[in-house]
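The values are calculated or read from the model by the stated rules, or taken from the named source; none is laboratory data. Because the structure is a prediction, the values reported are computed rather than measured. So basically every Cβ, Gly included, is an ideal-geometry build from the backbone, and we count neighbours across all protein chains shown.
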Amino acid sequence: MRTLGGRYQLVQRIGIGGMSEVWRGHDRVLDRPVAVKIMAPAVEGTLGDVNGVELVRTEARSAARLAHPNVAGVHDFGTSPAPGREVPYIVMELVEGQTLMEHLAGGRLDWRIAVRICAEVAAALAAAHAEQVVHRDVKPANIMLTPSGAKVLDFGIAASTGTPDPDPDGPVMGTPAYVAPERFEGLPATPASDMYSLGVLLYHCLSGRLPWNAESGTALVYAQRYRDPDPLPPVDGLATEVVDLCSRCLHKDPAERPTALVAALLLAEAVDARVYVPLADLGTRMPRPSTLSPWDERAAQASTDMALPVDQETIVQERPGRHRA
């Protein structure tokens, strides 16, 4: 059984894509299951002058900044030796469940379920955007449905806001059906491009199909760039605010799209759900005290020695207002 970094055992391959493969793994140090994403060997040759290890390291650092209940966490980054090269890998939280793509294979979802899922995805994107991180590949295959809610997976091609693709002359990073039209014109990914993907996702969940009828990938890209999306089919009971939000997310002008925070709150309200959004975006930063309290000042000056001589008396200083029985 192959082991990476002397720590992560690869148990079973559970996914493969154009850029990487994902394995179910076992962390031998912490004795827990993990997901291990490894860059496909053929990918590095398509990155031009960009170093694949540094690219994946940067993406891992971006994703590791996120801590949100609807985001699969990143635990570690490393490289594994291979003939003539180092293969980068990312160790992530292993999320059990079914992907949204598997659920959509049976047709459109009940609108209440669809809106709740998209509210949680929007909340995850709001957390990412607050950290200046864009996902770049929001799609049903990257959303896992679990008993505790939706989890956005694969921040493996995430990047800082405005970062250009590694190879500007190569293919656009992401899944074409969910890629914002400005990305095909060479513009870098932004929070607004993630919101376009969310609009396609919401439309797909509510209608069971994409916003355009196209017979080929080329025709689909042309439709995204130059045609308006088909009107969302009527859905009994669906609030008009949700229909309007979907339309605004699919606007060709990125400036006309709503923020992830607005989308999360509106969608959650439509189904009376609770989502977690970054407080900083709401302008509710807690004020920092201008001076340290006497307790904090004493704690900052306290000795940090971890071991004391056996015969040394230890004095416990109580916090003011608290008394030992």
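To keep it simple, each residue is scored yes or no on (1) farther than 22 Å from residue 187 by Cβ; (2) of a type outside the set (S, T, N, Q); (3) surrounded by 18 or more Cβ atoms within 10 Å (Cβ to Cβ).
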{"site": "237", "(1), (2), (3)": "yes, yes, no"}
{"site": "243", "(1), (2), (3)": "yes, yes, no"}
{"site": "250", "(1), (2), (3)": "no, yes, yes"}
{"site": "253", "(1), (2), (3)": "no, yes, no"}
{"site": "257", "(1), (2), (3)": "no, yes, yes"}
{"site": "268", "(1), (2), (3)": "yes, yes, yes"}
{"site": "271", "(1), (2), (3)": "yes, yes, no"}
{"site": "275", "(1), (2), (3)": "yes, yes, yes"}
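Given the condition among the small types (Gly, Ala, Ser), at pLDDT below 90 and either on the phi > 0 side of the Ramachandran plot or in the same structural domain as residue 203 (by TED's automatic domain parsing) (or both), answer yes or no: does some residue in region 133-144 qualify? I'd like the intermediate steps shown before the answer.
At the first step, the residues of region 133-144 found to be among the small types (Gly, Ala, Ser) are 141.
Now drop any that are not at pLDDT below 90, which leaves none.
So far as region 133-144 goes, no, none of its residues is among the small types (Gly, Ala, Ser), at pLDDT below 90 and either on the phi > 0 side of the Ramachandran plot or in the same structural domain as residue 203 (by TED's automatic domain parsing) (or both).
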_Checking the structure you have, find out if any residue of region 108-119 is under 14 Å from the mean Cα position of the chain (by Cα), within 17 Å of residue 73 (Cβ to Cβ) and of a type outside the set (A, V, I, L, M)._
no
If you go through 192, 177, 159, the only one that is at pLDDT 85 or above, at negative phi and under 15 Å from the mean Cα position of the chain (by Cα) is 192
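Determine if region 246-257 includes at least one residue that is more than 24 Å from residue 134 (Cβ to Cβ), part of a helix (DSSP H, G or I), polar (S, T, N, Q) and in the same structural domain as residue 190 (by TED's automatic domain parsing).
First, the residues of region 246-257 that are more than 24 Å from residue 134 (Cβ to Cβ): none.
No, region 246-257 contains no residue that is more than 24 Å from residue 134 (Cβ to Cβ), part of a helix (DSSP H, G or I), polar (S, T, N, Q) and in the same structural domain as residue 190 (by TED's automatic domain parsing).
A quick yes/no check of all residues on (1) modelled with pLDDT of 80 or more; (2) over 28 Å from residue 117 (Cα atoms); (3) loosely packed, with under 14 Cβ neighbours inside 10 Å:
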position	(1), (2), (3)
17	no, no, no
21	yes, no, no
27	yes, yes, no
53	no, yes, no
78	yes, yes, no
94	yes, no, no
100	yes, no, no
